[in-house]
1. Take the alpha-carbon centre of the stretch A:86-111, take the same for the stretch A:156-203, and report the distance between them in whole Å.
2. What angle do you read, to the nearest 10 degrees and between 0 and 90, between the alpha-carbon axis of helix A:244-253 and the longest principal axis of chain A?
3. Got the relative contact order for the stretch B:208-327 handy, in percent, Cα pairs under 8 Å and 6 or more residues apart?
4. Can you tell me the equivalent ellipsoid semi-axes for the stretch B:1-123? Use √(5λ) from the Cα gyration tensor, largest first, whole Å.
5. Relative to the longest principal axis of chain B, what angle (0 to 90°, nearest 10) does the C-alpha long axis of helix B:76-89 take?
6. Using Cβ contacts closer than 10 Å as the measure, can you line up A:106, A:244 from fewest to most?
7. Using alpha carbons only, how many angstrom separate the centre of the stretch B:10-50 from the centre of the stretch A:11-37?
8. Farthest toward the dipole's positive end in the protein assembly as shown, which of A:192, B:250, B:147, given Cβ charges of +1 (Lys, Arg) and -1 (Asp, Glu) about the Cα centre?
Amino acid sequence: MKIAVCIKRTPDSESRFKIGSSGASIDEAGLKFDIDDFASYAIEVALQLNEKQGPSASHQGTPGETVVIAVGPDLVQETLRKAMSMGADRAVQLKADTIPYDGLAVAKALAAELKSGGYDLVLFGKHAFDTSNGVVGTATAELLGIPCVTAATKLEISNGRGVARRELEGAAEIVEFPLPAAVTIDEGIARPRYPSLKNIMAAKKKPLETKPAQLGDVRVTVKKMELPPDRPPGRIIGEGVAAVPELVRLLQTEAKIL
Amino acid sequence: MANVLVFAETRANALRKVALEVVTAARALADATGGGEVHALVAGTSGVGGVAQQLGQYGADVVVVVEHPSYANFDRESVAATIAARAKSASYRAVLMGFSAQGRDLGPRVAAKLDAPIASDVTEIQSSGDSLVVKHPAYANKVIATLEATGPLAVVSVRPSAVTAAQAARAAKTETMQPASDPSQSRVVVKEIAEGGKGKIDLGEAPIIVSGGRGLKSAENFKLVEDLAAAFGNAAVGATRAVTDDGWRPHSDQIGQTGRQVSPQLYVAVGISGAIQHLAGMRTSKTIVAINKDKEAPIFKVADYGIVGDVLEVVPALTQAVKEAKASH
């Protein structure tokens, strides 16, 4: 199958964040960046599908291909190389000075690149850690006019059709859809592999193409970023079973929840 | 003066809690623009229009009822097309929905169909001239972004529980509408619904969550967490990533940065150390209780009430005490 995986470079989610001097961004100094977690699951899903499926049903005789695509400045090339060191065959950078907060603008750039690519499947993370919008994948699929399943926790492809599981509040739905299609990937579907040294070396020679990103109008912008208010400092009320009556009393009289 | 369109989410033809929260947000937005109308669209099977009165109590001037036998399950393609068609048919300032499993799927579809800017998972909405200004927790709740969406029409999804549903009685004049795309043409089709257990309270809606971590030592000991949740009566059960990764609980129970983000009235952390990944999912809870044997565990830094002790002893005692407290009311 020919699979595209749209990925994003985001800061390590375990970081402590500070607000930058503009007041409208985080301070990136000292942060480690990598492939976004959900995007890395999507890459792993693509690699496993191509390892399992071999030649594409819709491209008889041609081997499967996994193409990674990222919008952003040249820093995203490092992220694309990492994806290729995991096993992606080639990469496309859609160059933009900054990645807008406007998910629909990013989707337009991706759709412009994907529309003539002949992909059987386009994968995304369900959202990116930094913007936490969950817009780009679904909006890209809509612009391409292909079916889309969001936040899949299981995905199987056979005979030109996909079956996915998607968690709902208190339940899950199993959905079926025809290819070509887009799927956004949730956690729990696959653990991303670590690149081997051999594959890291090989990735340096894999093709990485750079084109300008055809972003649409940017209509969602950041006015301000701030850290959430701190919680009051924690309080230990006692030890062991002996502290239970005091806890119950506080839940009744202070928190008024019981 | 501008009208606001709401997608009022239902399941089995009953309104979900988030639907009333979004209608409340829409009412406030319409009022802030100088007294526009709130139009709530509901999609379901025959009889879903029965929710109109309830939507009126919370501020819907008009209820647009879309009934179709195929809407028994979530038909994302047909419902998105129908919301977009309604939004195009009149002049709306915004299309609002919840940032729920349905809403987070529908929002980007509707925005792309309308070529309208979209703001996701917002906790506050204000109208400011030609813009909507919203607050959106980003970086897994570690940063609060204030965003501006410009243009005459925007799509906004509202975080569940961020807005408290408030009554504001309106006429709820009912209109009917046909699906804008034939459900038989939808390409993504629900084959099966795997239920998460009968009567299970959803993590996003539960006023109390009892959550367990590795400190429980085994999957079997999760019974203690379930028993405590049952003693509270209106509680859901959550888990840490370590526990769901180990298969003690399903992934859908995971609370944290990559799982569900919750803000209940009371969050009881049982045998949870408080990794940053977990705190990102629950630190906005109103009251936090932590029970853990390690007094240095980071969870105690955010816990309003911490007990240092063995969860296998403290939790059953707490369960018993909660039962007694409930019984004495």
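Every read-out reported here was derived from the displayed coordinates using simple, explicitly stated rules and does not represent laboratory data. Fair warning: this is a prediction, and the values are worked out from it, not measured in the lab. Here Cβ is always computed from backbone atoms with ideal geometry, including for glycine, and neighbour counts include all displayed protein chains.
1. Value for the Cα centre distance between the two parts: 19 Å.
2. The answer is roughly 90 degrees.
3. On the way: 254 pairs, mean separation 31.0, N = 120.
Value for the stretch B:208-327: 26 percent.
4. 20, 17, 13
5. The angle comes out at about 40 degrees.
6. Values: A:106 29, A:244 24.
Ordered by Cβ neighbours within 10 Å, fewest first: A:244, A:106.
7. 37 Å
8. Of the options given, the answer is A:192.
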